[in-house]
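Remarks on the structure that follows.
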């Protein structure tokens, strides 16, 4: 590959900008603006050519540029283009996500942070390109002085009054929390302040010595561990409206002139004063003095560029309609202000006399200013310059190598320099392979360009790989600030939670309590069993306790202490699991013996098929593909399971595997549980392989008997390469000429006979199984080595997060949501989870939106009737599916981008997440509306669930923490439903642990683990609650310390505790020292350590003792104050040297002696002089 042609995006772009400057029309625009022309109009700029022109103009004028687009999606595209072609600092100024429909919800702090960051960088003159939407451009924001006053910079070495800082953070809208788990929070722990400004990528930790800042560090939101050092941080407000007493009083005066009664005025004032992110604060922001404008923050007037002028006015009209809709909604006593109090007038920018450029999509002539009411940017006034460009759109190539080569040669013959942008280096390599010799005629930079164009006058052509291959371009996205997932883990125990103790069975967690254990004060878990019996579990035994996780909705039976029921339950489960493990091992062993087909390496056709994939592969998808191909190329038949949610790319992995098999002359069978899924896969496989001589057929009851007979005959003759079908494929009359690969989708949904037939097939051919239910890591580990598993849990990069709104059940809101979706050619799910009233709900909706076509689906319908409804919906024969929870999890409803969930408070978090996952599978923005009864009081748990759904819009594997029920379903799918009873009986985590032990036992891998050393001492050893305030955090740390297996692990935990909570108090140091002593002692064979008055006794295990050399060394170290005993077990006693009267201090002296002794013994052990074994 020619090195000079593989441009970095910026290098290639700078050359392109020099091409643009050659255009006489570009020079005309630049000259006009430089000479003082205030308004210039442009036409004829296709694709992303306008971005290249703006960059050339900015370079020439050396001025900041503000680009205004009709919608935010367009603004994000333009920003991404700039970040590819320009080295200048470019930022998005996003519109508030709460205006105007969402005034009843809280502000999205990630958006607030992005707005603040942009305004602050403009104020500091550190940004050259700002891109925004028309709404973002017109929205009122902070006055400049407010941001100047409320920003605070903290440097290393600066002095801080902690009380003043705490007070200021609250005033700026930050919420105090024991642990910082999301943006907008701060925590104070002794001399450590944790803070997460919404404008930061990561939270920061500030450490003080007295009042001096001695360290500023970033830290990871999940692990809470410091990750890097900083010299300075700038803290900006966490709310859009910093308020004080004067602005609050001004608000009161303003409200008295609105139709708001006195009681509601007081409620508004109270809520705004105490809840810094209240929706009322957003609703009445202008009355609090928020009347600043984006342009106010520039030191010098920037050049304004308005794009797609024809779309700006409709965008403004849509905003006005939104506001009108808001004002007409049923009154809640809090009326909105007028639109002009939220937005500046469209022509407000003209007061500053900036240079303005207007880009028109359609050709226009001068002076179309007929309507004085039109905004300034939708007019061409008399005498204003209009510059007509002549550019062309991206040529149509549709992924064909020949057509691409022909187009490139044609452009080259016209003297045009051709640049083809790829969104990734891997895609560029594929493109270069396809171009072969023609690669020398093009430049291949990597980067995002939204839309290609041809510009003859500038002698340049910009093409994009996503338009060549008709790929959906995954625009680079700035990741949203995440909430802490580790802090929400299922292991966290809440008062009253069911727990499983390995020895005592299922009980309930009743909290933490300080008790005396073996003479020392420590914290214990308190567990209650049947009959009010209680046990206290010391911290060093916390690994014996797990939170009970079973099937959602099933309440486990609590055990009675002293009963044999628990032991019998464990024995039954253990025997059942040994059977499962034996079967798995037998299948594994049988496959190892059989010799399968060794598939060839990838062909050129394989590369072309993969290059034509219309999406960008995710890392996990690529890993799964590589694993599948590697196994296919070995002699052992493949048996791999791929887990991943719908739309995460499992089918594409199967398509690539199938194509690889067909290239080797083998046939492929794709087995699916339903006729609808068969049809969907048939359509997908056929579309992906249509450019190649591959025959794809479908065998299901959607085919007539005659058609089925013909397909069966062609399978036997080898005419059909890939067949997709239901259990019909397993019929006796179906035979293959040369079957090489079987793809099984959702195997757990087949009947017993089908599964038995599958087992026979699996012995001799490669098998790829797909499932849409997630698989838990614990089960994954238990099965590792037995079944090959690939997990795809990274969502496609082009997916938009689903915009989620919690709203009251309101007819206008529902009608608007349905009509908006249908208006853009989409479809809607309306989830109503009560079969008894689902038809009345359908009738209500039909009356609400006449002319819209509705269908109904629920679990009590006959199978064929239900399939018919789902199929009709997939074929777009109706617009809205009114359904219960049975929306098919395996199907991809790609045209559905709005879901309305009625009585959302009745669903669990996992259910809500799964339902919302049914939409948002395309590049289009998707919406989820969670409906609640009007004036309905929510429980605290329901409120938290709905808030989590609204805030967790971003996709990601962290959601697995809220999906335990789905994971258990996934476990059932992998192991078989007959295991479900045992799983419920002992809890999911113990079940997986027992399965792992059963597998290892049958494999002969079991190792005898020495018993942990016990320490008896009167030492206060715990984490004081003033040191680690949050009980969940304390328990998590206790659990990790109890489960510590190595000194390296302990060192890491100790460093983390010091990093997060500061210097250790005595009790915490004792806890760490005891844990260290226990690890040392367990490794060298000590069963028990007793720290008594004036002596330390070390009791060894029966088969362990010290060597003569070790005994001599110890006697010398402790000056003869050592007694060695040998009998049934070896022991060492150290006397004296502990003169203090305080028993606690005495024990601490003893602990020092133990540490000294253990270190000596441990060092001997590490040098290879292990304690002798009898």
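Points to keep in mind about this one:
- Test for residue 1091: is it in contact with a helix residue (DSSP H, G or I) (Cβ under 7 Å, 6 or more places away or on another chain), on the phi < 0 side of the Ramachandran plot and modelled with pLDDT of 75 or more: yes
- Of the residues in region 650-657, none is under 30 Å from the mean Cα position of the chain (by Cα), at positive phi and modelled with pLDDT of 85 or more.
- Residues that are surrounded by fewer than 21 Cβ atoms within 10 Å (Cβ to Cβ), part of a helix (DSSP H, G or I) and either in contact (Cβ under 8 Å) with a residue 24 or more places away in the chain or touching a helix residue (DSSP H, G or I) at 6+ places or on another chain (Cβ under 6 Å) (or both), drawn from region 396-406: 401, 405
- Annotation: of all residues in region 502-511 being surrounded by fewer than 21 Cβ atoms within 10 Å (Cβ to Cβ) and within 35 Å of the chain's Cα centre (by Cα), the one that is farthest from residue 560 (Cα to Cα) is 511.
- Members of region 759-793 that are surrounded by 19 or more Cβ atoms within 10 Å (Cβ to Cβ), modelled with pLDDT of 70 or more and over 21 Å from residue 587 (Cβ atoms): 772, 792
- Unmet criterion (only one of (1) closer than 25 Å to residue 187 by Cβ; (2) in a loop (DSSP other than H, G, I, E, B)) for residue 1010: (1)
- Among the residues of region 844-902, just one is surrounded by fewer than 16 Cβ atoms within 10 Å (Cβ to Cβ), touching a helix residue (DSSP H, G or I) at 6+ places or on another chain (Cβ under 8 Å) and assigned to a helix (DSSP H, G or I), namely 848.
- Odd one out for residue 202, checked against (1) surrounded by fewer than 18 Cβ atoms within 10 Å (Cβ to Cβ); (2) modelled with pLDDT of 90 or more; (3) over 17 Å from residue 220 (Cα atoms): (3)
- If you go through region 688-710 and keep only what is surrounded by 20 or more Cβ atoms within 10 Å (Cβ to Cβ) and without any contact (Cβ under 8 Å) to a residue 40 or more places away in the chain, you end up with 694, 696, 697, 698, 699, 700, 708.
- All positions within region 72-84 that are modelled with pLDDT of 90 or more and within 21 Å of residue 358 (Cα to Cα): 74, 75, 76, 77, 78, 79, 80, 81, 82
- Number of residues in region 333-384 that are surrounded by 17 or more Cβ atoms within 10 Å (Cβ to Cβ), modelled with pLDDT of 75 or more and within 30 Å of residue 453 (Cα to Cα) equals 10.
- Any hit, region 279-294, residues being at pLDDT 90 or above, surrounded by 14 or more Cβ atoms within 10 Å (Cβ to Cβ) and in a helix (DSSP H, G or I): yes
- Any chance residue 822 is part of a helix (DSSP H, G or I), modelled with pLDDT of 90 or more and crowded, with 16+ Cβ neighbours inside 10 Å: no
- Filtering region 701-746 to residues that are over 27 Å from residue 628 (Cα atoms) and touching a helix residue (DSSP H, G or I) at 6+ places or on another chain (Cβ under 8 Å) leaves 701, 702, 703, 708, 733.
- Scanning region 1013-1040 for residues that are under 23 Å from residue 1100 (Cα atoms) and touching a helix residue (DSSP H, G or I) at 6+ places or on another chain (Cβ under 7 Å), we see that the one that is surrounded by the fewest Cβ atoms within 10 Å (Cβ to Cβ) is 1018.
- Restricting region 734-748 to residues that are modelled with pLDDT of 90 or more and part of a loop (DSSP other than H, G, I, E, B), the residue that is farthest from residue 596 (Cα to Cα) is 734.
- Residue-level analysis places residue 625 outside the set of residues that are in contact (Cβ under 8 Å) with a residue 12 or more places away in the chain and assigned to a loop (DSSP other than H, G, I, E, B).
- Region 171-200: number of residues that are without any contact (Cβ under 8 Å) to a residue 40 or more places away in the chain and in a loop (DSSP other than H, G, I, E, B): 1
- Subset tally (residues that are on the phi > 0 side of the Ramachandran plot, touching a strand residue (DSSP E or B) at 6+ places or on another chain (Cβ under 8 Å) and either at pLDDT 90 or above or not in a strand (DSSP E or B) (or both)) for region 499-524: 2
- Odd one out for residue 600, checked against (1) in contact with a strand residue (DSSP E or B) (Cβ under 9 Å, 6 or more places away or on another chain); (2) surrounded by fewer than 20 Cβ atoms within 10 Å (Cβ to Cβ); (3) farther than 20 Å from residue 796 by Cα: (1)
- Region 416-441 - residue that is outside any helix (DSSP H, G or I) and modelled with pLDDT under 90 and, of those, farthest from the chain's Cα centre (by Cα): 422
The values are calculated or read from the model by the stated rules, or taken from the named source; none is laboratory data. Every value quoted in this text rests on a predicted model; they were computed, and no experiment measured them. Here Cβ is always computed from backbone atoms with ideal geometry, including for glycine, and neighbour counts include all displayed protein chains.
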